[in-house]
Amino acid sequence: MTRPTGRVLTLLELLQSGGTRTVAELADRLGVEGRTVRRYMDQLIDLDMPVESVRGRYGGYRLAPGYRLPPLMLSDDEALAVLLGLVAGRRAGLTTTQYTATETASAKIRRVLPQHIARRLDTLLESLAFTDQPGELDTPDAGVLLTIADAVRHRRPVSIRHTDRDGRRSERTLHAYGIVAHSGRWYVTGKDARIGEDRTFRLDRIVDARTLPGSFEAPAGPAPAQRVLTGFATARVPA
């Protein structure tokens, strides 16, 4: 989480504690200037948060009476599924975050679990074994992953900046058919518009992605996963 985003969330928590908060008070709590507080307030308003401006000598900002963010409520089965997913995803290399983020996400969920569920989860994790050790795999950038996923969903061309296994950099326009997770890595498969051929790229080697105007038709034939496996069969190492 970037520091500005963290401060905006802290600001929201302060407002949720009730009452009217002055700009000076909020600036002091956040360690920023008054104009920065006002900019953060604008961001909350853009997110449809019911922030009210109170005028006068004791004015400031407050949330509309009765407003509260809904808590994150998980059933026992849901909490177990999320935590096991974090553990398994880390082991398989299929996360888009560094180890610290995975650990802190797990810790936040564990803190709100009832004691009896937390104990059962600890028992399960102590009993759980993996047949292989987690590799030192590079994880894809979350922004790149989400941008390409959106391009796949809406069949829009996407411009990618890619570094191949030999360190050569290139910029390509890709008609992305799908994203595939295979053997602990993320891949995108699609047609390289410049050469008119299907290609497969490792997502952790894509340093930037942006969608382009226009659209394309998805080709008939094998599904994205099968295209990736076929590409591996004809090329020793994917791009």
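Bear in mind that the values in this text are calculations on the coordinates, not laboratory data. Remember, predicted model here, so these are calculated numbers, not experimental data. For neighbour counting, all protein chains shown are included, and Cβ atoms are generated from backbone atoms with ideal geometry for every residue, glycine included.
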Which of the trypsin sites (Lys or Arg not before Pro) across the range 136-239 are loop residues per DSSP, with 12 or fewer other Cβ within 10 Å?
R165, R168, R194, R236
Assuming R0 = 30 Å, what is the FRET efficiency of L84 and T173, from their Cβ-Cβ distance, to the nearest 0.05?
0.15
Quick note, the range 142-234: a/c under 1.5 would make it rounded; otherwise a/b > b/c is prolate and the rest oblate (a ≥ b ≥ c, C-alpha gyration tensor); here it is rounded
Work out how much length H154 to L229 would gain on full extension: take 0.36 nm times their residue separation and subtract the Cα-Cα distance, in nm to one decimal.
24.6 nm
Compute the distance in nm between two label points, each set 7 Å from the Cα along the Cα-to-Cβ direction, one at E52 and one at V207.
5.1 nm
³J(HN,Hα) computed for each position of the range 183-196 - Karplus, 6.51 cos²θ - 1.76 cosθ + 1.60, integer Hz, glycine/proline x:
6, x, 9, 9, 9, 10, 10, x, 9, 6, 4, 5, 9, x
What is the order of V180, V87, V54, V228, fewest Cβ neighbours within 10 Å to most?
V54, V87, V180, V228
